[in-house]
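What follows is one structure encoded as structure tokens, with my remarks underneath.
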Amino acid sequence: MSIQLKRLQEQFTIPLTEIIGRKLYVTDFGREIAEAAKNIIAEVEAINYKTLAYQNELTGKLKVSSASTGKYVAPYFLSGFVNQHRGVDLVMDVTNKTRVVQSLERNEIDFALVSVIPEDLKTESLSLIKNKLYLVGSPSMTKKLSPKADAFEGHSLLYREKGSATRNAMESFIRINGLPTSKKLELTSNEAVKQAVIAGIGCSIMPLIGLRNELKNNEIEIIPFRGLPVVTHWNIIWLKDKKLSPVAQAFLDYLRQNMDQIIEDNFKWYEEY
């Protein structure tokens, strides 16, 4: 980045940035150059789209936001479509459920991938695959559990951050079943929870979809527990009144035509649980 900035500065006699104290600031001239650069890049993209359009190819951007655990699902439903249409640029944001819904509400994206459909928004949806949540722990932890032991007693419970659909499902299950909870630990990503489970820090209710390799390598084990798994569905949703772009409509058509084959090719292991 420093080298690129230096090379850019060499093109101008007026400073693009200035250092005050230990902080780097963009000058007024630098801001104008940045804005001009954005316009140039946008024009180049427009030319590329027009070129492909004249060749009768689908062009444009497909904007998708996914709940964080959806990163184990979304790529398999997107890859075939993107590979078929070289004129389509994919813009994908992976974050927690709250921010996903906010992006959809503000009409910043075409589609959202969520496991819980928001009730306060008028949306259309297409159901993809089940989202199955199991109680899991490390093999060293599960060995200490007797057949009658309650996994929720005497073990730390690992939670996702507030706003996460996985956390909401976990808390709802614990509340509805009146289960005891001891020490609670909060982590801000599914990967962080997974690594903490592997390390034996505690157990958690987690989406099965992100545990394929860990189960295969015996790093994580499913702890059988009454009432589990919690089952929801991964859904592609969009605003009910939104006029879908040609790219967005083509993607939706692609999913409807190829969804069963995508699941058969990529999620056969998952359906066996």
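How big is the dipole moment of region 131-231 about its Cα centre under a simple scheme where the beta carbon of each Lys and Arg is +1, that of each Asp and Glu is -1, and everything else is neutral? Debye, nearest 20, please.
It works out to roughly 140 debye.
Using only helices, what value at 222 nm comes out for the chain when you add -39,500 (n - 2.57) per DSSP H run of length 4 or more and divide by the total residues, to the nearest 500 deg cm²/dmol?
-12000 deg cm²/dmol
How high is the relative contact order of the chain, given as a whole-number percent (alpha carbon pairs under 8 Å, six or more residues apart)?
Across the chain, relative contact order equals 23 percent.
With both bridge residues required to lie in the chain, what share of the DSSP beta bridges run antiparallel, to the nearest 5%?
The antiparallel proportion sits near 60 percent.
Give the separation of the Cα centroids, region 74-126 to region 198-258, in Å.
Comparing the Cα centres of region 74-126 and region 198-258, I get a distance of 13 Å.
Say each of Glu161 and Val231 gets a label point 7 Å from the Cα, pointing the same way as Cα to Cβ; how far apart are those two points in nm?
Taking the simple label geometry, Glu161 and Val231 are separated by 3.2 nm.
Mind listing the long-range amide H neighbours of Ile129? Cut-off is under 5 Å, sequence gap 5 or more, other chains count too, H placed in the peptide plane at 1.01 Å from N.
For Ile129, the qualifying residues are Trp234.
Could you check what % of the DSSP bridge pairs in region 131-231 are antiparallel, to the nearest 5? Intermediate values should be presented prior to the final figure.
On the way: 8 of 12 bridges.
Expressed as a percentage, antiparallel bridges in region 131-231 total about 65.
Calculate how large, on average over all directions, the projected area of the Cα convex hull of the chain is; give the answer in nm² to one decimal.
About 20.2 nm², averaged over all directions.
Readers should treat all values here as calculations from the given coordinates under stated rules, not as data from a laboratory. Only a predicted model underlies this, so the values are computations on that prediction, with no experimental measurement involved. For neighbour counting, all protein chains shown are included, and Cβ atoms are generated from backbone atoms with ideal geometry for every residue, glycine included.
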